[in-house]
Amino acid sequence: MSDANKNFPLNYAASAVRALQPYVPGKPLDELEREYGIRNAVKLASNENPAGPSPMVLQAVEAAAKTINRYPDGAGFQLKKSLAEHLGVEPRQLTLGNGSNDILVLLAEAFLTAATNAVFSEYAFVVYPLAVQATSAESRVVAANGVEHRQALGHDLNAMLTAIDESTRLVFIANPNNPTGTWLEPDALYAFLKKVPSTTVVVLDEAYCEYIGAQAVRMSLAWLSEFPNLVVTRTFSKIYGLAGLRIGYSVSSPEVAELLNRIRQPFNINSIALAAAEAALLDQSYIEASRKANSEGLAFLTEGVASIAGVRVIPSQGNFVLIDLGRPALPVYDALLHAGVIVRPVGNYGLPNHLRVTAGSAVENTTFLTAFSTALDNLV
Ligand SMILES: *Cc1c(COP(=O)(O)O)cnc(C)c1O
């Protein structure tokens, strides 16, 4: 067998795919407990809602389970109807995805080819480069705001505008951004949209917008009638507490929704997720309570971390904080694992001195803070 054949069929895979580095998720709880022989570990690594699902969702899941022998409604009629009402848009503007991750990939598939490029910021959500690279399009990574900026490490919209040219089909904006927690003011975003050429689709990823408040949920949607090249993506994984079911959506012009509908898998959302999302929408008091608990958690983490010498918290509008340790983060991450606390290292984002920590329950946040300060003391 010749050398050239040794790695067959790898050598024949698309070169863009061969060069991909797979996504690294937060460490699962049972994996840590299995590997380290500990119990009651705390996971603050994946920006999940610590409250568990709403009781109304659990009821809907149980009811929906009775008909899982049937294919789901591939058009998601009921959920789209409820979502449209909740958001003040039309059902035909909605596209449902297997997580909003699915929508991001569909957008890349729909608009990108090897002859085009996509623009996004340094330190932006890591799924953007993955989705872009798989299509063979060029990723144009724009330098983020410097550390002295009010929104340190956040998106620099002017620099992003400069990077856009006639071959730019997509620009990804995460607002608030993960993992930095930074955000963009509505006026700045609106001015940006005005300047983006109509040949470029602006993907506004609002996975965390519900944490800002009810007003933020409708803010960007009001711009859709003025900007047919705007696509807003949302998820049920974060404040809605359905990360394990995989469901998200986009709001766009009906034309873009129709385009995405051509390439999505016919049954990309399962029937349990459809029913759960509809029930989750109805329980807005769960959302209110989650928002309140999150701001208390963020304040607790921010103050607690700020009181430790040598570390710095970046202000966040999400359900997590990014902490600058001013030193390599992996030894601290490891020490936290041994203490039964999983946080998220972000070296893959080019931030080797930072850790991202999700705001958990009050008990989880206290556990983290104690373990964190102990870890830092022991490493000096
Ligand atoms: C978590 C997250 C998503 C999407 O998650 P899904 O579970 O796929 O809906 C999208 N964008 C950002 C910025 C996120 O942090």
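The values are calculated or read from the model by the stated rules, or taken from the named source; none is laboratory data. Keep in mind it's a predicted model, so treat the numbers as computed, not measured. Cβ: placed from backbone, ideal geometry, glycine included. Neighbour counts: every protein chain shown. Quick note on the areas: whole protein, heavy atoms, side chains included, nothing else; ligands and nucleic acids left out. Shrake-Rupley method; radii C 1.70, N 1.55, O 1.52, S 1.80 Å.
Here the stretch 19-44 is scanned for amide nitrogen atoms under 18 Å from the site 7 Å beyond the Cα of LEU330 along Cα-to-Cβ, giving 21-27. Here the calculated FRET efficiency for GLN78 and ALA222, from their Cβ-Cβ distance with R0 = 35 Å, stands at 0.90, rounded to the nearest 0.05. Averaging Cα coordinates gives a centre for the stretch 1-67 and one for the stretch 83-104; these two points are 24 Å apart. Membrane-span-like helices in the chain, defined here as complete DSSP H runs extending at least 20 Å along the helix axis by their C-alpha atoms with mean Kyte-Doolittle hydropathy no lower than 0.0, are 362-379; this is a sequence and geometry rule, not a statement about a membrane.
Between TYR71 and VAL24, the simple spin-label model (points 7 angstrom out along Cα→Cβ) gives 4.0 nm. Provide the FRET efficiency to the nearest 0.05 for the ALA63-GLU35 pair, computing r from the beta carbons and using R0 = 45 Å. Plugging the Cβ-Cβ distance into 1/(1 + (r/R0)^6) gives 0.75. Shown for the chain: the carbon plus sulfur share of the solvent-accessible area, taken with all protein chains present and a 1.4 angstrom probe, equals 56%. Computed over the stretch 100-252, the convex hull of the alpha-carbon atoms projects to a mean area of 8.4 nm².
Decide, for the stretch 27-125, between rounded, prolate and oblate: order the square roots of the alpha carbon gyration tensor eigenvalues as a ≥ b ≥ c, take rounded if a/c falls under 1.5, and otherwise choose prolate if a/b is larger than b/c, else oblate. Taking the square roots of the gyration eigenvalues as a ≥ b ≥ c, the stretch 27-125 is oblate. With a Förster radius of 22 Å applied to the C-beta separation of THR374 and HIS149, the computed FRET efficiency comes to 0.10. Note on the chain: semi-axes of the ellipsoid equivalent to its C-alpha gyration tensor, largest first and rounded to whole Å, are 31, 27, 24. In the stretch 260-380, the inverse of the mean reciprocal separation of distinct Cα atoms equals 16.4 Å; this is its Kirkwood hydrodynamic radius. Using the alpha-carbon positions of the stretch 252-301, Rg (one decimal) and Dmax (whole number) come out as 16.9, 46 Å.
Calculation over all alpha carbon pairs of the stretch 49-99 in 10 angstrom steps from 0 returns a P(r) of 20, 41, 37, 2 percent.
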